[in-house]
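The values are calculated or read from the model by the stated rules, or taken from the named source; none is laboratory data. Remember, it's a predicted structure, so these values are computed and weren't measured experimentally. All Cβ positions, glycine included, derive from the backbone under ideal geometry; neighbour counts span all protein chains shown. Accessible surface is based on the protein model in full, side chains and every heavy atom, while ligands, DNA and RNA are left aside. Shrake-Rupley method; radii C 1.70, N 1.55, O 1.52, S 1.80 Å.
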Amino acid sequence: MAGNGVASIGECMLELSGQTGPNWRMGFAGDTFNTLWALHALSTERPATYVSAFGDDPFSQGQIDFFAENGIDIGSSPVIAGARPGLYAITLTGAERSFTYWRGDAAARQLASDPAALSKNLANQAVVYFSGITLAILDDAARATLLAAVAKARAAGSLVAFDPNYRPRLWRRREEAQAAIVEALAVTDIALPTFPDEQMLFEDATPQATAKRIGKLVGEVVVKNGEAPALIAKGGTLRDVPAIHVAAPADTTGAGDSFNGGYLAARLAGHEPLEAARRAHRVAAAVVQVRGALAPFETLRAAFEG
């Protein structure tokens, strides 16, 4: 691999959660940041970089300070005058969540505005991680710049991991999402799709169909499927890894993202895919027992070690 660090690319937003009457708790979260949070907690010896773009407002500075307090750098990510972060609110019905977003002019949409800085951020990384949401927030030119930078990092020895994470409202057309995700899979070493997303986007009938379709492009595929088993496809074989049932989850936000972080941390530590998925399931089960997308590092580590 190219180096020792881990880099995740995308959008970290302001998160409003834990509503009590008119009052909300504010934090920071977003799919690729949630994954990096778990990966960093479980691989503390590896420098962690969140690759994005930030504004110069107090909320953006609050994000950057929060990252630094928890050992996460922003590398050469641009800080753009007059820009600001996106915002979302979590509404819970029981433990199931729904989201309301304000992100149309978020700074992260300019994360590929400086190609040299982007490439610098991805240089000398053991793992480069991104998602379909990363692709969706970029225009066509920026998306091409991003994929070129990822391909360059991969050619230099970085392991590239990608979660398609399809969110229809972020895309202009379904066909655009399909094409962009296929392009991303072509530069990916580990794919981490979620079956309901793939069923919606590509009309896969089963998780096995998802694994086989993506396996034509990617050597290692992990199909997540909620509380159903995860399906591992590697070396021409398919293996199920049972999930962990949580009887009374507090909040399912970030479960799949934390699974990804746990899986990648385990693979970096030398565990085979089946054991990595077992550890990732334990991490995800711990996350759904806390409010918000980010569980304390100690909680993640205890779950990972079992």
>> Let me confirm something: among Gly5, Gly10, which residue is open to solvent by less than 50 Å² (accessible area, probe 1.4 Å), within 21 Å of Asp163 (Cα to Cα), touching a helix residue (DSSP H, G or I) at 6+ places or on another chain (Cβ under 8 Å) and small (Gly, Ala, Ser)?
In response: Gly10
> What number of residues within the range 51-73 satisfy the criterion of being within 20 Å of the chain's Cα centre (by Cα) and either basic (Lys, Arg) or open to solvent by 20 Å² or more (accessible area, probe 1.4 Å) (or both)?
Replying inline: 6
> Taking the condition in a loop (DSSP other than H, G, I, E, B) and among the basic types (Lys, Arg), does Arg172 pass?
Replying inline: yes
> Applying the selection to the range 74-87, what residues are part of a strand (DSSP E or B) and open to solvent by less than 10 Å² (accessible area, probe 1.4 Å)?
Replying inline: none
>> Looking only at the range 93-125, count every residue that is open to solvent by less than 60 Å² (accessible area, probe 1.4 Å) and either modelled with pLDDT of 95 or more or of a type in the set (A, V, I, L, M) (or both) and tell me the total.
In response: 13
> Give me the pairs: first residue in the range 127-145 and touching a residue at least 12 places away in the same chain (Cβ under 8 Å) and closer than 13 Å to Gly10 by Cβ, second residue of a type in the set (A, V, I, L, M, F, W, C) and surrounded by fewer than 19 Cβ atoms within 10 Å (Cβ to Cβ), beta-carbon distance under 7 Å, and six or more apart or on different chains, which are they?
Replying inline: Ile133/Leu170; Ala136/Leu170; Ala136/Trp171; Ile137/Leu170
> When you scan the range 235-258, how many residues do you find that are under 11 Å from the mean Cα position of the chain (by Cα) and open to solvent by 10 Å² or more (accessible area, probe 1.4 Å)?
Replying inline: 3
> What is the residue count in the range 188-218 for residues that are among the basic types (Lys, Arg) and either part of a helix (DSSP H, G or I) or open to solvent by less than 30 Å² (accessible area, probe 1.4 Å) (or both)?
Replying inline: 2
>> Looking at the range 92-104, I want the residues that are closer than 15 Å to Gly30 by Cβ and have a partner that is part of a strand (DSSP E or B) and of a type in the set (Phe, Trp, Tyr) with Cβ atoms under 8 Å, at least 6 apart or on another chain. Which pairs are those?
In response: Phe99/Tyr88; Thr100/Tyr88; Tyr101/Tyr88; Trp102/Tyr88; Arg103/Tyr88
> In the set Arg46, Arg25, which member is touching a residue at least 40 places away in the same chain (Cβ under 8 Å), in a strand (DSSP E or B) and either open to solvent by 10 Å² or more (accessible area, probe 1.4 Å) or within 22 Å of Ala116 (Cβ to Cβ) (or both)?
Replying inline: Arg25
>> Restricting to the range 241-263, name every residue that is touching a His at 6+ places or on another chain (Cβ under 8 Å) and of a type in the set (Phe, Trp, Tyr).
In response: Phe259
>> Condition first: among the β-branched types (Val, Ile, Thr) and either within 14 Å of Ile244 (Cβ to Cβ) or part of a loop (DSSP other than H, G, I, E, B) (or both). Now tell me which residues in the range 281-306 satisfy that.
In response: Val283, Val287, Val288, Val290
> Tally time: how many residues in the range 126-140 are open to solvent by 70 Å² or more (accessible area, probe 1.4 Å) and of a type in the set (A, V, I, L, M)?
Replying inline: 0
> Across the range 260-280, what is the number of residues that are open to solvent by 20 Å² or more (accessible area, probe 1.4 Å) and either of a type outside the set (A, V, I, L, M, F, W, C) or not in a helix (DSSP H, G or I) (or both)?
Replying inline: 8
>> Condition check: under 19 Å from the mean Cα position of the chain (by Cα) and either acidic (Asp, Glu) or open to solvent by 40 Å² or more (accessible area, probe 1.4 Å) (or both). Does Gln178 satisfy that?
In response: yes
